[in-house]
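The values are calculated or read from the model by the stated rules, or taken from the named source; none is laboratory data. The structure presented is a predicted model; accordingly, all values stated were derived computationally and were not measured. Cβ placement follows ideal geometry from the backbone for every residue including glycine, while neighbour counts extend to all protein chains displayed. The protein model used for the area step is the full one, side chains on, heavy atoms only, and it has no ligands, DNA or RNA in it. Shrake-Rupley method; radii C 1.70, N 1.55, O 1.52, S 1.80 Å.
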2 protein chains.
Amino acid sequence: MNHDNNVTKDLNIGIAGLGNVGEGVINLLQENSELIEKKLQKKITIKGISAKNKGKQRNCNIDSYTWYENPLELARSKEIDVFIELIGGEDGIALEVTQTAIESGKHVITANKAMIANHGNFLIELAEKNKTLLLFEAAVAGGIPIVKLLKESLSSNSITKIYGILNGTCNYILSSMENNSIGFDASLKEAQRLGYAEADPSFDVGGFDAAHKLSILSSLAFGTTIDFSSIHIEGIEKISLDDIQAAKENGYKIRLLGISEKKLSGIRQYVEPCLVSDKSLISSIDGVNNAIVVDGNFVGEITISGLGAGSNPTASSVVADIFDVANNSTVSNLGMPIHRMKDFKITEEVIDNNQYYIRMLLPNIAGSIANVTKSMADHNISLSAINQRSDGKNNTNDYASVTIVTDVTTNISVNKVLDQIAKNGQVKGLPTIIKIQQT
Amino acid sequence: MNHDNNVTKDLNIGIAGLGNVGEGVINLLQENSELIEKKLQKKITIKGISAKNKGKQRNCNIDSYTWYENPLELARSKEIDVFIELIGGEDGIALEVTQTAIESGKHVITANKAMIANHGNFLIELAEKNKTLLLFEAAVAGGIPIVKLLKESLSSNSITKIYGILNGTCNYILSSMENNSIGFDASLKEAQRLGYAEADPSFDVGGFDAAHKLSILSSLAFGTTIDFSSIHIEGIEKISLDDIQAAKENGYKIRLLGISEKKLSGIRQYVEPCLVSDKSLISSIDGVNNAIVVDGNFVGEITISGLGAGSNPTASSVVADIFDVANNSTVSNLGMPIHRMKDFKITEEVIDNNQYYIRMLLPNIAGSIANVTKSMADHNISLSAINQRSDGKNNTNDYASVTIVTDVTTNISVNKVLDQIAKNGQVKGLPTIIKIQQT
């Protein structure tokens, strides 16, 4: 891509949206201005800002900037080279200002994962037509520069798999359950108290936020257009302290992973809680941190981790994108021109070879475990570990919590066994099944 | 930087040196050629190759390439835009061809850490004068794209500290001692058998290779010119199985770290074995892997890990640099023009606040530990743990191996205590002192 609007002089930017991230960007540009000018040999000047409420108390000083009541006006302003969209939200005003800025020939930088996940293909095509950059490092994993890593540093590799911890809220909840031996509800409440979870946490704990990010990573890794809708999503609501402890006893931790892998027939994308070996790098990622593992055919496995959210780390990614504009980057927005990307094709391979963790409530009567193990043997599933817990809150006088770790088998065999057990009326409620991810 | 020699058409390259890395580069360019052309919208064409021995059996197919007996001729050739130096060696022919290529207006890509550590400032100044790129992603940590991460993604951050595991040989030896309970010599021998250590391992185990890489990282992180000579270097030869096991009992692992940190009066660079918490991310880096932790004032801590050596991972980094040339990167070779960099200033701060691990041989007589602990108390050093091992090969009838973990104190106090103990003739040989690195 050769831009008509290369920036040879100082760079003038406009910022719409002054929440946490917007404040961080302004603080970074102010605090590190000397360093930035030395690096770029250009000044970055904030020529205009816009937000809902001008009078609001803010954690940054905006006194010297021109205020725009209407962000659309800022998006069109001849004063700016770069428009920074930090309003948020999948569509509505965020989408409108982004589109307007691109059509006005501005480079656009955004932290808006929902918008890119849902409208990225359209916006990037529009940006290519207008010869502008549309950059979104801050949309995936906060301060971790995974977008540029995939788009540039690892770009010559054929990627076979990318996976990671993409949601800090879930990771905080799971690692706090593990470290403090508390249940899901208590851990969520603690996360809310600390500001790591929203009052309505369903978007995070349900896996949707991780899925937004995964859709962007898939596209960058595999050269496919962005396809959020095909992601299989499971959240962490079903994970109990029992699961965490049974996993621990067997040498595992539970992490919510977003995984995208290349199969012969297409790409498979899913977000779900997984068991990972407690010796693996990914299992050592605690609290609100994020981590991503990329497996390339020459580079091997690269793992990158850091703060996946927060004002300052996310601001670092926004400003990294400003640097790319200032350096007149010619790299395509998704690593290659969108017309050269494949349309996303969901794999039809449904057979999954894995070890599985299964927890179920079985009647406290002679032979009930024998029935289950017999059924497993009938389906050629061999067991790696089995444990019946005599205490634990899920146990009643009539039922015992039984956890099983299988050897490698298929999802199909596991489902057949569980169907059979359910039919025989031997199990109470739905068993919890968690994949053991090879890491 | 605006180049006079922007590449708008296909990119023609010459490769000098066809060892492991050269073979990997040729294999990558061949195997992933379709992907590469799709990403770059340019072809990368190998227009010439040169190595010592044309007839040598190689792990790549070079039949279709023009052979240059003299790499200097390739460096000057009008056929190429980019010269790739993979000959190796601090100076000699590698330095000569690099200089010639730059003076002939070629972009140069190198994997040669020794050359960049020792002659980087000169070569980069020369490249800037000739408006060419001099890129060296492959010179630091194999496949890990840490150079670009510092130069671009984290460039707006003021870095306070960068440290990491920069030598796969040492990390292999230390983690194998730990995992297999074998001594240094046995572990080294195993590493040599597996090809992870040279016949003469002193360059790796002595810490010099890690120091070469650290000097480059320091420069990128802190905006100082490269200064290899000021690095304080200690190797891992002094580490015994006793140390590894005593560390383990206290919740630590031993890793050879390269560390560069900003102090008020300058930058401090050192390579030395350190104790790191066995709960830390860096402690989970096993075998020949490398890992680097960067601490920036906005991004916080970013950790990146992967294969730190080997044909294919290093080739991935060389080709990443080719991508930067093909994309007409305008980023300065060290992240900012060399005339804007500070000359390296070694800090004069010699007081170090740390916990320390100390192992010493004390006489097997009543009161000898009491004397040591009394001396520590006199110097206000409080102890976190103390252990006398009754077995272990370092014990004789007359002496016992005693390991101590101190609370936070200064290097000065520790040295005073050890001087005093030595003066009193209470200790056999030199105590081993290892810093506990906060991770």
Filtered residue count, segment A:145-159, keeping only those that are of a type in the set (S, T, N, Q) and either under 18 Å from the mean Cα position of the chain (by Cα) or modelled with pLDDT under 95 (or both): 0
Over segment A:328-339, the set of residues at the interface with another protein chain (Cβ under 8 Å from one of its Cβ atoms) and hydrophobic (A, V, I, L, M, F, W, C) is A:Val331, A:Met336
Residues of segment B:222-243 being open to solvent by 10 Å² or more (accessible area, probe 1.4 Å) and within 23 Å of B:Ser332 (Cα to Cα), in sequence order, are B:Phe222, B:Thr225, B:Ile226, B:Asp227, B:Phe228
Only one residue in A:Val140, A:Val82, A:Val97, A:Val108 is surrounded by 23 or more Cβ atoms within 10 Å (Cβ to Cβ), under 30 Å from A:Tyr252 (Cβ atoms) and among the β-branched types (Val, Ile, Thr). Which one? A:Val140
Scan segment B:177-208 for residues that are closer than 28 Å to B:Glu137 by Cα and surrounded by fewer than 21 Cβ atoms within 10 Å (Cβ to Cβ) and jot them down. B:Gln192, B:Leu194, B:Gly195, B:Glu198, B:Ala199, B:Asp200, B:Pro201, B:Ser202, B:Phe203, B:Gly206, B:Phe208
So for segment B:159-179 (the condition being assigned to a loop (DSSP other than H, G, I, E, B), touching a Leu at 6+ places or on another chain (Cβ under 9 Å) and within 14 Å of another protein chain (Cβ to nearest Cβ)), does at least one residue qualify? no
Pairs, please: C-beta under 6 Å, at least 6 apart or cross-chain, first residue more than 16 Å from B:Asp321 (Cα to Cα) and in segment B:33-46, second charged (D, E, K, R)? B:Lys38/A:Arg340
Reported set for segment B:256-309 where residues are assigned to a strand (DSSP E or B), open to solvent by 10 Å² or more (accessible area, probe 1.4 Å), aliphatic (A, V, I, L, M) and facing chain A (nearest Cβ under 10 Å) is B:Leu307
Within the bounds of segment B:190-204, is there any residue that is within 14 Å of chain A (Cβ to nearest Cβ) and in contact with a helix residue (DSSP H, G or I) (Cβ under 9 Å, 6 or more places away or on another chain)? no
Yes/no for A:Asn312 being buried (at least 21 other Cβ atoms within 10 Å of the Cβ) and more than 17 Å from the chain's Cα centre (by Cα): yes
Quick check on segment A:413-439: of everything there that is hydrophobic (A, V, I, L, M, F, W, C) and either open to solvent by 70 Å² or more (accessible area, probe 1.4 Å) or assigned to a strand (DSSP E or B) (or both), which residue is farthest from A:Lys279 (Cα to Cα)? A:Leu430
Is there a residue in segment B:341-350 that is more than 14 Å from chain A (Cβ to nearest Cβ), at pLDDT 85 or above and surrounded by 13 or more Cβ atoms within 10 Å (Cβ to Cβ)? no
On the given criteria, is B:Val325 more than 8 Å from every other protein chain (Cβ to nearest Cβ), within 22 Å of the chain's Cα centre (by Cα) and either under 24 Å from B:Thr224 (Cβ atoms) or open to solvent by less than 10 Å² (accessible area, probe 1.4 Å) (or both)? no
B:Lys113 - would you say it is open to solvent by 20 Å² or more (accessible area, probe 1.4 Å) and either closer than 15 Å to B:Ala210 by Cα or touching a Phe, Trp or Tyr at 6+ places or on another chain (Cβ under 7 Å) (or both)? yes
Conditions (1) modelled with pLDDT of 85 or more; (2) of a type in the set (S, T, N, Q); (3) crowded, with 18+ Cβ neighbours inside 10 Å: number failed by A:Thr410: (3)
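Answer yes if at least one residue in segment A:209-221 is open to solvent by 20 Å² or more (accessible area, probe 1.4 Å) and part of a helix (DSSP H, G or I), and no otherwise.
no
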